[in-house]
Amino acid sequence: MKAIVHYKYGSPDVLELRDIDKPVPADDEVLVRVHASSVNPVEWYGMTGLLLARPSAGWLKPKDPRLGTDYAGVVEEVGENVKDFQPGDEVYGGRHGAYADYVCVRDAVAPKPKSITFEQAAAIPIAGLTALQGLRDHGKIQPGQKVLINGASGGVGTFAVQVAKALGAEVTAVCSSQNVEKARSLGADHVVDYPKEDFTRSEHRYDLLFDIAGSRSWREYKRVLAPNATFVLVGGPKTPLIGPVGHIIRIKLVSLRASQKVVFFIANFNRADFAVMNELIAAGKVTPVIDRQYKLKDLPEAMRYFGEGHARGKIAITMNA
Ligand SMILES: NC(=O)c1ccc[n+]([C@@H]2O[C@H](COP(=O)([O-])OP(=O)(O)OC[C@H]3O[C@@H](n4cnc5c(N)ncnc54)[C@H](OP(=O)(O)O)[C@@H]3O)[C@@H](O)[C@H]2O)c1
């Protein structure tokens, strides 16, 4: 089968489209023919070789050359113990090595909502579940709360605006000028155009700040936090070798004595949350936003665009085109 592989860390130039062995499902796995995938920071860091991940991923070169996580496709075969899926089912989920014709998956698999395309379904796993878990479980979002989403126009941000609205919050989206209308159309009550306006100088106080962009210092963020607010650290700048880790550690350390609660989390795949996303999609409350679509062979180009840091929603990868 065709798959994207990389045998060294570096720029998108290290990515190659090669023939590798098709995986064989274990008794409790399903084999999925992948139709679409998408790009996330985890692939960017897998490709460039995030320092913190190297003890497990390989110090000098990747131990596992495959890349990709989000997938959507059709079940082709099921292991003998699998009872809840059958060949022909349209599914989506997350599995390392998803930039490939096939993946074998055990738990991170869910029925694909009928109303959306494979590309839209493949946009959901990492970004959608990060928005859901970050706002609901770590931010403890409540109806009527004032929520600010910093970095509202990218992969996680476009889901976060919609999920926060679906959970009843009054949402302020921070994004650049070209994305202001998009943020409004996703349901944001207020939009801050960050190149023109500094939200940390506003009179407003927020109950929950969902920090995807990691663009400001704690001292600046704190000015607009209510005394008992929750600050959810989602990510930060793509600094070479350490990625968003420097921003996350810095904020955690300098906020130790603050009255606000500061939380960092890493999203996980679970079927219950895929089901919640499916309900939000069926209810028309969440629609995945696709910025651009690339073929698998053009993944280096997709990665270069992603690396610029201004994707407007998700970047989809199609396998069969
Ligand atoms: N904790 C977790 O489990 C988890 C999971 C997934 C992702 N993440 C992290 O979340 C972050 C974002 O991921 P993503 O997939 O959403 O990336 P993305 O699609 O590249 O989106 C990043 C967005 O940040 C915006 N941005 C850049 N500079 C900004 C600024 N100064 N102020 C406000 N917004 C700014 C950009 O919008 P404009 O074009 O409008 O500037 C861009 O759309 C990454 O750091 C990633 O590592 C964490």
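Values quoted throughout were computed directly from the atomic coordinates according to the rules given, and no laboratory measurement underlies them. Just so you know, these numbers come straight off a predicted model, no measurement behind them. FYI the Cβ positions are ideal-geometry reconstructions off the backbone, even for glycines, and counts take in every protein chain you see.
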Charge sum, other residues only, whose C-beta stays under 14 Å from Q142's C-beta, Lys/Arg counted +1 and Asp/Glu -1: +2
Mean-square fluctuation maximum in Gaussian network of the chain, Cα pairs under 10 Å, restricted to A26, A121, A100, hits A26
All aspartates and glutamates inside 20 Å of K63 as judged from Cα atoms, apart from same-chain residues fewer than 8 positions distant: D13, E16, D19, D21, E43
Arrange the following residues from fewest to most other Cβ atoms within 10 Å of their Cβ: D207, D19. D19, D207
Gain on full stretching of the segment that runs from S215 to L51 - 0.36 nm per residue minus C-alpha separation: 56.9 nm
Checking the range 52-134 for trypsin sites (Lys or Arg not before Pro) in a loop per DSSP with at most 10 other beta-carbon atoms within 10 Å yields K63, K83, K114
With 28 Å as the limit, write out which pairs from K61/K238; K2/K112; K8/K83; K8/K112; K61/K295; K114/K140 have Cα-Cα distances beyond it, or answer none. K8/K83; K8/K112; K114/K140
Pairs of alpha-carbon atoms within less than 8 angstrom and 6+ residues apart define the contacts here; what relative contact order does the chain have, in percent? 19
Pick from S176, S185, S56: which is most flexible by mean-square fluctuation in a GNM of the chain where alpha carbon atoms under 10 Å apart are linked? S56
Looking at the chain, which longest stretch skips every one of the GluC sites (Glu not before Pro) that is in a DSSP loop with at most 10 other Cβ atoms within 10 Å, leaving the sites themselves out? 81-202
With a/c under 1.5 counting as rounded, go ahead and sort the range 225-318 into rounded, prolate or oblate using the C-alpha gyration tensor (a ≥ b ≥ c being the square roots of the eigenvalues; past the cut-off, prolate if a/b is larger than b/c, else oblate). oblate
Based on the inverse mean of 1/r over its pairs of different Cα atoms, what is the Kirkwood hydrodynamic radius of the range 144-219, in Å? 12.0
One would report the Cα pair-distance distribution of the chain, bin width 20 Å, in %, as 33, 57, 10, 0
Pair K297, K261: separation of 7 Å Cα→Cβ label points (nm): 5.2
Inverting the mean 1/r over all pairs of different Cα atoms, compute the Kirkwood radius of the range 127-264 and quote it in Å. 14.6
Which whole-number percentage describes the relative contact order of the range 127-264, with Cα contacts under 8 Å and a sequence gap of 6 or more? 21
Taking Cα pairs under 8 Å and at least six residues apart, what relative contact order does the range 40-139 come out at, in percent? 25
